[in-house]
Every structure is written in structure tokens, then in C-alpha cells.
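Read the figures in this text as sums done on the coordinates, not as results from a lab. It should be emphasised that the depicted structure is a prediction, and the values quoted were computed from it without experimental measurement. Heads up, the Cβs are rebuilt from the backbone with ideal geometry, glycines too, and the neighbour counts pull from every protein chain shown.
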Amino acid sequence: MSYAIPPSISRANIANENSNGQNVLIVVFDAWSALNISLYGYNHPTTPNLERLAAKAIVYHNHFAGGHFTTPGTASLLTGTTAWTHRAFKHNEIVNASTENNIFNVFNRYHRLAYTHNPLADTLLRQFLLDIEEHTPWPDQYFQKDPLNFTLFKKDQDIASLGWRRGMKRLEAGHAYTLFLSQIYENFINNKVADIAPNFPRGIPNYSELGLNYFTLEQGIDWLSSSLSTAPQPFLGYYHFLPPHDPYNTRQDFMDTFVGENYQLSNKPIHLLDQGIAEDRMIDRHRWYDEFILYVDAEFARLYHQLEQNGMLENTWLILTSDHGEMFERGILGHVAPVFHQPISHLPLMIFPPDQKQRVDIFDKTNAIDILPTALQITEQGIPDWAEGIILPPFGSSTSRVDRDISTIQVERRDSNGRIAEATAMLVRGDYKMMWYFGYEQLEEDTEFVEMYDLARDPEELHNLFSIQKLVADEMLGTLRANIDELNSVYRQ
Ligand SMILES: [Zn+2]
């Protein structure tokens with residue numbers, strides 16, 4: 001495919017390589033758009049701590065997500081492959097590639113630890129369990145560590161969580177399938193979290209899909225620090241926390257920080273996949289999201305200082321990023337619609353090398369799939385042939401920093417013959433970004449819709465150039481069509 005690895009990157013056989021013995025710690029905060037981060041120029045000061053810590057970091061300014069929500073975005077990060085290859089598109093899908101093609105497997109000389117608050121990401125981690133020495137199940141860092149379902153239905157957590165949700169949680173209609181159990185359970189949990197509730201006037205942080213699954217970032221960060229202080233070294237750690245994912249329940253000290261600041265209605269056109277969200281709700285949520293990012297920023301800084309104080313940073317590469325962004329425009333709220341506008345695609349990425357003394361800013365386009373080869377490179381290990389990303393600057397040779405395509409796809413539906421019937425494909429080439437939509441019921445039958453923007457001159461993605469820059473547009477669409485044909489041939493097998 002056209003987005004394949006540049007041939008200039010040397011590929012070694014990883015099996016017999018040694019490493020430099022340094023640890024790698026990847027910290028992911030879920031649904032964190034670079035567009036809401038003041039380190040990257042956002043006009044509300046959401047990340048004062050990151051701005052300070054950046055003095056000893058490599059700051060990536062044009063980092064792209066692997067997908068528009070947790071499953072494809074996390075799969076790209078963990079496998080070093082694009083969605084075209086890993087094909088984890090739907091909620092709770094696993095990756096299609098060999099289960100050995102993942103970041104834990106290639107760190108096979110390391111002690112490997114993994115945890116995520118997010119059950120969708122945990123589905124992926126569980127696919128790689130053979131390669132993880134310490135996998136902590138997602139309920140472990142919630143206040144109700146092991147609800148009945150996970151004890152009784154260890155081998156089928158999907159069924160268990162569905163049963164639990166229907167039986168014990170009050171659903172959209174305001175009641176559960178059981179008459180009293182849900183109320184008793186609600187009281188039990190509320191008693192359990194009564195002490196911390198005053199710290200979170202908007203509600204204690206939780207995973208909205210399952211309700212009542214309360215956690216705090218403070219607890220997660222403290223647990224992470226103490227887990228690492230006793231972990232065998234060298235280690236590879238993957239820790240994926242839910243904030244600033246919705247609901248945006250920030251801590252009391254950050255609540256209403258941005259009240260009175262200028263939050264305006266978006267001037268962007270309503271999208272064909274819009275959710276009909278009222279604009280005033282969009283403005284409120286946007287501010288709440290920013291105030292939740294303050295919490296992430298403060299807690300990440302606390303983690304940084306804990307690791308600094310216990311000496312861990314002297315021998316650890318700390319990588320900070322996200323799995324996808326969040327959107328407050330075009331009638332779309334959050335990250336549920338299969339679109340790849342910059343609020344969804346543009347992510348934070350910072351690398352804190354062990355002995356870094358100064359800030360380095362990188363403006364090259366980078367991608368979630370680059371983290372796997374880069375983590376191998378900085379620990380002096382070989383990179384497997386199946387990895388599709390590049391070694392990030394400044395670690396790769398300059399020849400690897402070619403202006404390569406960045407591409408992803410979200411498949412929503414396939415027809416009875418296995419062909420892709422409804423999807424959004426994205427391609428970034430040079431300054432241009434294309435999003436191609438087809439098969440959606442909002443479109444007339446057999447029609448498609450294409451957006452194409454010049455990200456350098458039109459970062460807000462307001463001027464669709466598809467019918468203006470015909471030559472480039474045809475080439476880019478041709479690439480995406482060819483990639484779809486190839487994916488269709490895979491699916492038909
Ligand atoms: Zn996510």
C-alpha cells in the first residue's frame with residue numbers, strides 16, 4: 001500500500017537483540033485532543049504543568065491518532081500498524097493481525113506491565129496477555145474493584161458486564177431490569193465514595209457506559225508510582241487512564257476555572273454525520289472538558305515528580321500521549337461519529353528522555369504507529385518488519401523522516417459479500433487532508449462525500465478544496481480507492 005514503510009529504515013531481526021536496559025513507560029490519557037492543550041497554542045491555559053515540564057521533553061506538534069475512538073486508536077498504538085492492517089473497528093473488536101504483532105511481544109526481554117481504565121482498550125490488552133507479565137484488570141482501579149460479575153464470569157467478561165449493566169444499573173429509562181437490587185447497589189457504592197464525593201461536585205470521575213464505576217486519577221497515579229517502584233527492570237509499562245474522556249467531572253479545585261472566558265459558538269458547518277447536539281450544550285461541555293484537562297495536567301505532573309523523586313526517571317523513557325481526540329463542532333460532540341477532523345485526529349505526544357536537559361520541538365507529521373518502532377529504537381532493540389511506522393525524529397536517521405502519507409479507515413458496515421459498504425477513510429499527504437465518506441444512510445444511495453483541506457493554510461478545516469484542487473484530489477482519492485480494493489480482497493477471503 002502507498003503508506004508503507006519507507007525502505008530506508010533498516011529492519012533487524014528482533015529475536016536476538018539486547019537492549020540498553022532502560023525502561024519505557026507509556027502513559028495514555030483517553031480522548032485528549034491537542035487542540036485543547038495550551039502547550040500547543042490553545043487559548044485557554046489548560047496545561048500549565050505540561051508547559052513547565054516541556055523544558056526537558058521532546059514535544060511533537062503534529063501527531064495523528066490511529067482512529068477516531070478507543071478501539072482503533074489504541075490498536076494502532078499497541079500494534080504499530082494502521083487500521084487498514086489491524087482492522088479493529090468496532091467496540092470490543094480485537095486486532096486481526098497475528099497476536100504476536102504487538103509492542104509487548106517485541107519487548108520480550110523486558111518485564112511488561114499493562115493497565116487501562118477503559119474496557120475497550122482492555123479487550124486489546126487481553127488479546128496480548130501471553131506477552132504481559134503483569135496485566136491488571138480494568139475494574140481494579142475503580143472503587144468497586146471486583147463486582148460479582150468478574151468473580152463469577154471470569155472467562156466471559158463481555159456477557160458479565162452486559163448482565164451486570166442490565167441488572168444493576170439504572171439505564172437510559174431511569175430504571176434497571178431488577179426492581180430493588182440496583183437501588184441497594186447504588187446506595188452501597190454511594191456510601192463507599194461518600195468521603196471523596198465533595199471533591200467532585202460534578203460527580204466522581206466514572207466510565208459513563210457502565211455508570212457507578214467510580215475512580216479517581218489520584219488513586220491511579222499513586223498506584224502506578226508504587227507498582228513501578230517494585231517492578232523488575234528493565235520494564236515496559238503501558239498505563240491508559242480515562243480522563244479527560246467524558247463525563248468531564250473535574251476536581252473541585254479546577255471547576256469553573258474558565259467561567260467567563262470566551263467560549264463561542266463554532267463557525268463550522270454542520271456535518272453530514274452530525275448528532276444534532278444543541279450549540280449551547282456544546283459550549284458548556286467544551287468548557288467542562290477544558291477544566292477536566294486541568295485535572296489531567298496536574299495529576300500527570302504529580303506522577304512526573306513522584307518518578308523524579310524515586311529516581312525512576314534517570315533510567316526511564318516516559319512517553320505521554322492519547323488514543324484519539326474530542327470534538328465540539330459541526331454538530332458532533334465527543335468522538336462517536338466516524339470523522340477525522342483535527343480535534344479528533346490531532347493528539348498530544350511528548351517524550352521525556354532520561355537525561356534530557358532542554359526542550360526540543362518537532363513539527364514533522366507523526367503518527368500513533370510510530371511509537372512502537374521508536375520505543376524499540378531508543379532502547380537499542382531491533383524493529384520487526386511488520387511495524388508500519390517510522391522511528392520518530394530526532395531518533396531516526398533523517399532519511400526516515402520522509403514526508404510520508406498518514407492514513408486510517410473506519411469501517412462501519414460490510415455487505416453480505418464482505419465488501420466494505422459504509423466507511424470513512426482518511427489520508428494526509430503533504431499539507432492536504434482528505435476524508436472520504438461512503439455508504440452512510442445520510443447520503444443518497446451510491447453517492448459519496450469528500451472533504452479535503454489544506455492544513456497549513458486552513459487549520460480550522462473550513463474550506464473544502466475537493467472540487468477546486470482537482471489534480472491532487474484525484475490522486476489522493478485514487479490512493480484511498482486502491483486501499484479499499486485491497487481491503488475488500490482481504491475481507492472476501
Ligand atoms: Zn479512547
Inset, instruction - Could I have the simple spin-label model distance between L471 and T230, label points 7 Å from Cα toward Cβ, reported in nm to one decimal? - result: 6.5
Legend entry - Geometric extent, Cα atoms of the range 33-97 - Rg, Dmax (angstrom): 15.1, 41
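For the chain, what is the charge dipole size about the Cα centre, in debye to the nearest 20, if Lys and Arg each add +1 at the Cβ and Asp and Glu each add -1 at the Cβ?
800
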Legend entry - Cα-based Lys proximity count in the chain, under 26 Å, for pairs eight or more positions apart or on separate chains: 21
Legend entry - Linear extension gain, L130 paired with E279, 0.36 nm per residue minus alpha-carbon span: 49.0 nm
Inset, instruction - Per DSSP H run of at least 4 residues, take -39500 (n - 2.57); add these up for the chain, divide by its residues and hand me the 222 nm value, nearest 500 deg cm²/dmol. - result: -8500 deg cm²/dmol
Inset, instruction - Place the peptides 61-73, 470-482 in order of packing, highest mean first, counting for every residue the other Cβ atoms within 10 Å and averaging per peptide. - result: 61-73, 470-482
Legend entry - Three principal axis lengths of the chain [C-alpha, angstrom, descending]: 63, 55, 50
Inset, instruction - Mind ranking 245-251, 113-119, 219-225 by how tightly packed they are, going by the mean number of other C-beta atoms within 10 angstrom, highest first? - result: 113-119, 245-251, 219-225
Inset, instruction - Run the quick spin-label model on E308 and N488: label points 7 Å from Cα toward the beta carbon, then report their separation in nm to one decimal. - result: 5.5
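Starting from the Cα gyration tensor of the range 292-426, take the square roots of the eigenvalues, sort them a ≥ b ≥ c, and report rounded, prolate or oblate (rounded when a/c is under 1.5, otherwise prolate if a/b is larger than b/c, else oblate).
It comes out oblate by the Cα gyration axes.
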Inset, instruction - Pop a pseudo-label 7 angstrom from the Cα along the beta-carbon direction at both I196 and D385 and give the gap in nm to one decimal. - result: 4.8
Legend entry - Loop-located trypsin sites (Lys or Arg not before Pro) in the range 320-395 whose Cβ has at most 11 other Cβ within 10 Å (DSSP): K357
Inset, instruction - Decide, for the range 406-492, between rounded, prolate and oblate: order the square roots of the alpha carbon gyration tensor eigenvalues as a ≥ b ≥ c, take rounded if a/c falls under 1.5, and otherwise choose prolate if a/b is larger than b/c, else oblate. - result: prolate
Inset, instruction - For G237, list long-range residues whose amide hydrogen, built 1.01 Å from N in the peptide plane, is under 5 Å from its own amide hydrogen. - result: V24, L25, I26, L113
Inset, instruction - Treat the count of other C-beta atoms within 10 Å as a stand-in for reagent exposure and order H135, H324 from fewest to most. - result: H135, H324
Inset, instruction - Rounded to the nearest 0.05, what FRET efficiency do Q442 and D361 give with R0 = 45 Å and r taken as the Cβ-Cβ distance? Could you check? - result: 0.65
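In the range 205-295, which GluC sites (Glu not before Pro) are in a loop and have at most 16 other Cβ atoms within 10 Å, using DSSP for the loop call?
E209, E261
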Inset, instruction - For each of Y440, Y238, count neighbouring Cβ atoms within 10 Å of the residue's Cβ, then give the residues from fewest to most. - result: Y440, Y238
